[in-house]
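Okay, structure first, notes after.
The values are calculated or read from the model by the stated rules, or taken from the named source; none is laboratory data. All of these numbers come straight from a predicted model, not from anything done at the bench. Counting neighbours? That spans all protein chains shown, and the Cβs are built from the backbone with ideal geometry, glycine included. SASA here: full protein model, heavy atoms, side chains in, ligands and nucleic acids out. Shrake-Rupley method; radii C 1.70, N 1.55, O 1.52, S 1.80 Å.
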Amino acid sequence: MEVTTILLIIALGAGFYMAWSIGANDVANAMGTSVGSGALTVKRAVIIAAVLEFAGAFLVGTHVSETIRKGIISPELFLGNEFDLVFGMIGALLAAAVWLQIASYFGWPVSTTHSIVGAVLGFGVMYGGMHAADWAKVGSIAASWVISPLLSGTISYLIFMLIRRLIFYSDDPVRIAKKMTPYLVFFVFLVLTLAMVFKGLKNLKLDLGFSEAFLVAIIVGVVAAIISSFLVKRIKHVEQKEKLNVKQPAAVGKRIDKALVHLQKALAKSDGQLGSELSNVVGDLSTLHNDLSRKLDTSTESSDYKTVEKIFVYLQILSAGFVAFAHGANDVANAVGPLAAVITVISTGSFAAKSAVPIWVLGLGGLGIVIGLSTWGWRVMMTIGKKITELTPSRGFAAEFAAAITIVLASKLGIPVSTTHTLVGGVLGVGFARGIKALNLKVVTNIFISWIITIPVGAIGAIIFYYILQAIFG
């Protein structure tokens with residue numbers, strides 16, 4: 001068997017492994033809030049995400065991909081030594097995939113884009129020196145570590161506080177929720193459609209300017225709002241037989257406060273499943289404590305609360321489905337971009353900054369994403385949906401919608417953002433709205449550390465794999 005054939009087989013295997021890792025880690029983010037809030041079971045979330053991710057990757061994925069992801073290293077480095085590029089791209093795929101698998105095992109949601117960018121950057125700097133990299137682009141990516149979660153967290157905090165004030169704190173939450181639903185649906189469809197036609201469907205030749213895309217989004221939003229106004233009337237409200245207004249003694253609040261202090265100490269020293277369960281208990285108790293401090297009677301919200309949350313279930317599934325589709329369309333390039341570079345060099349003997357991606361390669365990437373999601377996706381879903389803070393459908397909707405808004409805003413402003421970072425930021429925002437005690441700071445710290453080390457780990461891994469491949473085939 002020829003060396004080029006062996007390298008092609010290894011490259012296809014590495015691309016599939018990378019796609020599997022993307023499915024196991026990144027894709028799980030989209031459905032994590034829905035699972036955590038109880039809007040979807042893990043099984044249903046996997047089925048919905050698998051269908052939409054594969055559709056996004058296969059139908060509208062990147063048919064023409066940058067062969068060296070994000071243009072962060074100069075392609076002129078490899079003139080006359082094209083097979084060094086092959087070793088480097090295979091090494092980058094393997095390094096990013098291994099790191100994503102490790103992160104998925106521990107349930108850390110990390111950016112697949114940053115993983116592959118870090119790997120390509122490390123190989124590029126090792127091969128061509130410090131001047132080979134576009135450090136301005138690297139700097140903008142590093143800045144997004146702070147910008148995207150901060151922006152998304154702020155938006156989700158504001159959305160959730162608005163929902164709370166306008167709906168949950170009103171005298172008749174169900175009536176207000178039904179009245180507001182068409183407006184919420186309008187904004188959801190407006191933002192999601194805008195994101196779809198302005199950014200996510202370039203390969204369908206929908207080359208719309210922002211104003212045209214905005215007009216299309218408004219039309220879709222109005223139609224969806226009209227339909228929702230009819231659908232929301234079908235949601236039945238379970239009447240509460242007796243509305244109690246029980247005032248709790250001050251001592252109750254003080255004792256809950258003391259219990260929280262002890263539970264927080266136990267949580268800080270706990271690991272594994274116990275830590276997760278303690279986190280949920282702390283979240284529930286924090287909510288009770290906050291409600292009591294505002295002199296709210298938690299015993300009166302049961303039926304109204306459930307009816308309102310039922311409305312948000314549909315909104316949340318809708319927004320999660322969009323994120324899954326858009327993710328498949330955009331991020332499959334992380335797996336097929338370097339693979340396209342390898343295929344181009346092996347088949348033509350030269351390379352191009354951009355090259356056509358065969359349709360079967362997109363299918364391979366889509367299949368790998370689905371298998372990764374089905375096998376290990378639950379690990380990251382549990383972190384996003386359960387371990388950071390307690391989520392309900394309304395909180396999950398606020399987090400998911402804030403992430404979508406952030407992606408649209410960042411795209412318009414030209415700021416590179418990670419879907420993972422925006423979603424985690426959204427979840428942190430709704431958790432923070434209930435107080436810092438509602439957040440599992442141990443889990444949050446581990447996530448932040450994993451974000452920081454993603455690029456150096458990918459870089460070192462790519463260099464190691466490059467030397468191994470060069471020693472064998474060079």
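Scanning segment 132-149 for residues that are in a helix (DSSP H, G or I) and surrounded by 17 or more Cβ atoms within 10 Å (Cβ to Cβ) returns A132, V138, I141, S144, W145, I147, S148, P149. Given the criteria touching a Lys or Arg at 6+ places or on another chain (Cβ under 9 Å), open to solvent by less than 10 Å² (accessible area, probe 1.4 Å) and modelled with pLDDT under 90, does N25 qualify? Against the criterion (touching a Lys or Arg at 6+ places or on another chain (Cβ under 9 Å), open to solvent by less than 10 Å² (accessible area, probe 1.4 Å) and modelled with pLDDT under 90), N25 qualifies. Cβ-Cβ distances below 8 Å connect the following pairs, each with a first residue in segment 243-260 that is under 13 Å from H289 (Cβ atoms) and part of a helix (DSSP H, G or I), a second residue that is of a type in the set (D, E, K, R) and at pLDDT 75 or above, and a separation of six or more residues or different chains: L260/K437. Checking S148 against (1) touching a residue at least 60 places away in the same chain (Cβ under 8 Å); (2) under 30 Å from E76 (Cα atoms), only one condition comes out false. Which one? Going through the list (1) touching a residue at least 60 places away in the same chain (Cβ under 8 Å); (2) under 30 Å from E76 (Cα atoms), S148 breaks only (2).
Of the candidates R255, R294, the single residue that is at pLDDT below 70, of a type in the set (K, R) and under 30 Å from L441 (Cβ atoms) is R294. Answer yes or no: is there a residue in segment 450-460 that is without any contact (Cβ under 8 Å) to a residue 40 or more places away in the chain and not in a helix (DSSP H, G or I). Looking through segment 450-460, none of the residues is without any contact (Cβ under 8 Å) to a residue 40 or more places away in the chain and not in a helix (DSSP H, G or I). Checked against (1) in a helix (DSSP H, G or I); (2) in contact with a helix residue (DSSP H, G or I) (Cβ under 7 Å, 6 or more places away or on another chain); (3) open to solvent by less than 60 Å² (accessible area, probe 1.4 Å), S170 passes all but condition (1).
Restricting attention to segment 42-75, the residues being at pLDDT below 75 and charged (D, E, K, R) number 3. Being under 13 Å from A402 (Cβ atoms), of a type outside the set (F, W, Y) and within 25 Å of the chain's Cα centre (by Cα), is that true of even one residue in segment 162-177? Yes, there is a match, as at least one residue in segment 162-177 is under 13 Å from A402 (Cβ atoms), of a type outside the set (F, W, Y) and within 25 Å of the chain's Cα centre (by Cα).
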